[in-house]
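Peer 1: Below is the structure I would like to discuss, written out as structure tokens.
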Amino acid sequence: MGLRKNVREAMLEAVPSLRAFAISLCGNVDRADDLVQEALLRAWANMESFQPGTNMSAWLFTILRNLFRSEYRKRRREVEDVDGSYAETLTSLPEQNSRLEIVEFRKALKMLPSEQRESLILVGASGFSYEEAAQICGCAVGTIKSRVNRARSRLAEILSIDSASDFGPDQETRAVANSDIVRTDRS
Amino acid sequence: MSKDNLSPRLKTMYAQKSEKNPVVKLGPDIKAKIGMQLRQIYGEIVDQGVPERFVELLKRLDDANCEGK
């Protein structure tokens, strides 16, 4: 019973970060909380497969990710809607710069391929090492590193374009100049 | 304004470009900025703490466990 209490506390401690990760995966708070609940239930039921002394948080993330993956495959079409709602929100006017930046950032993050997004979040926000992130995603450390790099450069690309269209002529000019470079690259 | 034409067009071009050559070297300032924004949106959720439903869920599981043994 004493051991269970420790386990329970360790699980509760992981919940805030687990929720943040879940929300980043499915983009919907209610579904994310259901996912967290399912992950906790599964973890509890499979407690014997947890190795004491290892990272409880990483173990829970792994379970949650696997659950999401199997659900995601079923709901692929829903997820693809992201771009539609993205175009819609582009017309809203900026009120507060930093807030707008975050809104834009969130949208840009949604545009990333899911593997890149989750890798970036695990390493850049959840605070896992590359090695832990690789364990959670069931892939090689090099793969995580490459996904994180790709995610960052893709975000930088997307965000520079959006700020170009949203913040007046100076940056628009810069964007047009950049587009010439792109054109040269592609030809 | 040209905003509505420009953005999607550039977006497509960048999308095409990025498939061919996805990794661009980024300066430390851009990396830092991305990291900051990432932690901000993540942190907003973490700061909400543990919703009551999870406290209750784990308590129920724990209680059921104790009774079972």
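Bear in mind that the values in this text are calculations on the coordinates, not laboratory data. Bear in mind that the values here come from a model prediction, so they are computed numbers and not experimental data. Here the Cβ is made from the backbone with ideal geometry for all residues, glycine too, and neighbour counts use every protein chain on show.
Peer 1: Please arrange A:Arg99, B:Arg39, A:Arg152 by counting, for each residue, the other beta carbons lying within 10 Å of its beta carbon, fewest first. Before the final figure, lay out each step's value.
Peer 2: On the way: A:Arg99 10, B:Arg39 16, A:Arg152 22.
The most exposed by this proxy come first: A:Arg99, B:Arg39, A:Arg152.
Peer 1: In the neighborhood of A:Asp33, defined by Cβ-to-Cβ distances under 12 Å, what is the net charge if each Lys or Arg adds +1 and each Asp or Glu adds -1?
Peer 2: Summing Lys/Arg as +1 and Asp/Glu as -1 gives -1.
Peer 1: Given the convex hull over the Cα atoms of the stretch B:25-69, what projected area results after averaging over all orientations, in nm²? Working shown, then result.
Peer 2: Numbers: hull surface 21.0 nm².
The orientation-averaged projected area of the Cα hull of the stretch B:25-69 comes to 5.3 nm².
Peer 1: Using 0.36 nm times the number of residues separating A:Ser146 and A:Asn6, minus their current alpha carbon distance, what extension gain do you get?
Peer 2: Values: separation 140, 0.36 × 140 = 50.40 nm, distance 3.63 nm.
Using 0.36 nm per residue and subtracting the Cα-Cα distance, I get 46.8 nm.
Peer 1: Please report the Cα spread of the stretch A:1-67 along all three principal axes, rounded to whole Å, starting with the longest.
Peer 2: 36, 19, 17
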